[in-house]
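One structure is given here, and the rest of the page talks about it.
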Amino acid sequence: MQRNDPLLDLGDPSPALGDANRDGCDRTTGSYPNLVAARLAAAPPAGRSVKLTDVSCGGAVINEIASARQTPISPVEAPEDGWPDVATQVERAGLNADTDVVTIGVGGNSMPFGKMLSACLISGVGQPDEATPCRDAYEGGGPFLDPESIYDKYDRVTREYAGMVRAVQTKAPDARIITVGYPTIFPEDATSCDRQDTTELAASIQGLGTVSLTHGDIAWMHGVNAHLNAIIEAITELSGGEYVDTAASSVGHDACQARDVKWVEGVCGTAGSYWPTEVALGPITLECADGNRATLVHPNAAGHTNAATHVEAAVRTALASSTQ
């Protein structure tokens with residue numbers, strides 16, 4: 001008898017793809033969970049069918065996986081009074097003892113990378129390429145737009161992520177947990193990044209014109225992204241789960257690469273025509289021109305395809321081991 005194995009996806013769907021059918025959470029048919037589900041349906045693991053339940057929600061922070069309600073933030077066709085709150089992803093997914101596999105992709109919004117990006121853009125005004133004003137601020141007490149040091153961020157995210165994984169394990173004690181790390185968003189060597197190109201790591205800000213991260217801060221943010229991945233990997237291994245590395249395979253496909261090479265869009269980039277051309281991040285508003293959209297360093301279709309390849313392999317391994 002063929003079994004229908006529950007595959008549940010939690011986290012932030014990274015909505016740079018763009019999708020007109022939105023409910024405020026920006027789940028997209030081209031995201032890696034749906035690509036994985038389609039591949040498993042086309043070539044099922046031996047004798048098994050897999051049902052995907054995708055409850056990921058754009059902008060989700062770690063605590064909204066298992067302990068806090070979330071207010072969706074999609075700017076696309078949003079109601080005048082905003083999107084209604086949604087329950088925790090664990091609750092909406094219906095995790096239970098029959099759940100076989102849970103994939104989790106979350107953490108960047110808890111840093112939060114969006115606020116850090118804004119702070120680093122502002123910090124770079126008038127600074128030479130090699131300067132590290134954003135790093136200096138975060139290694140102090142944090143910049144004025146985000147007054148939390150990078151060390152406090154790492155400590156907090158570690159606690160939150162560990163607690164979230166424990167909560168998922170409590171709800172789905174027999175499930176194989178697969179966590180997904182972040183791709184290479186920022187290059188380690190930033191000298192080729194164009195500080196005037198908003199499709200890379202520069203931005204047009206109302207009242208300020210074009211601003212950008214310095215090359216020194218881009219390299220530092222590469223390290224921050226790597227440290228976040230290391231936190232996720234360490235907690236996953238301690239919990240007995242499996243960590244999926246998408247950073248190594250995406251080296252050379254960061255936001256500073258050419259449009260047909262990058263797997264992560266820049267501050268502005270390619271997305272659906274209904275995606276906004278400007279977005280407010282705290283007290284600043286980023287503007288995109290020339291048909292570009294406010295993609296805010298999210299993976300594009302090629303990035304999701306790459307992630308799907310690695311996540312699919314992990315899911316197949318997990319399902320195979322659960323039959324032994």
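Below are the figures for this structure:
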read-out	value
Label-point separation in nm, S249 to A289, each point 7 Å along Cα→Cβ	3.8
Whether the range 184-223 is rounded, prolate or oblate, judged on the alpha carbon gyration tensor where a/c under 1.5 counts as rounded	prolate
Residues of type lysines that K262 reaches as a straight line, Cα spacing below 19 Å, ignoring anything fewer than 8 places off in the same chain	none
Inter-probe distance in nm under a simple model that places probes 7 Å from Cα toward Cβ, at V125 and A226	3.1
Anchor K51: lysines whose Cα lies under 28 Å away (excluding residues fewer than 8 positions away in-chain)	K171
Ascending count of other beta-carbon atoms within 10 Å, so fewest first, for D85, D146, D217	D85, D146, D217
Whichever lysines have a C-alpha closer than 20 Å to that of K153, once near sequence neighbours (fewer than 8 apart) are set aside	K115
Segments 235-246, 118-129 sorted - mean Cβ within 10 Å per residue, highest first	118-129, 235-246
³J(HN,Hα) computed for each position of the range 296-309 - Karplus, 6.51 cos²θ - 1.76 cosθ + 1.60, integer Hz, glycine/proline x	6, 6, 9, x, 9, 4, 5, x, 5, 4, 5, 4, 4, 4
Exposure proxy ranking, count of Cβ atoms within 10 Å, fewest first, for S110, S67	S67, S110
Loop trypsin sites (Lys or Arg not before Pro), the range 64-123 (other Cβ atoms within 10 Å of the site Cβ: 12 or fewer; DSSP)	R69
Folded to 0 to 90 degrees: helix 215-238 orientation relative to the chain principal axis, Cα	20
Solution diffusion estimate, µm²/s, Stokes-Einstein, the range 3-322, Kirkwood Rh from C-alpha pairs, 20 °C, viscosity 1.002 mPa s	108
Sites matching chymotrypsin sites (Phe, Trp or Tyr not before Pro) across the range 100-164 that sit in DSSP coil, with at most 12 neighbouring C-beta atoms within 10 Å	F144
Dipole axis of the chain (+1 Lys, Arg; -1 Asp, Glu on Cβ), positive-most option in V224, P84, Q206	P84
Inter-label distance, nm, simple model (7 Å from Cα along the C-beta direction), A97/E278	5.6
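Bear in mind these aren't lab numbers, they're just calculated from the coordinates by the rules spelled out. A quick note: this is a predicted structure, and the numbers were derived from the prediction, not measured. No Cβ is skipped: glycine too gets one built from the backbone with ideal geometry, and neighbour counts run over all protein chains shown.
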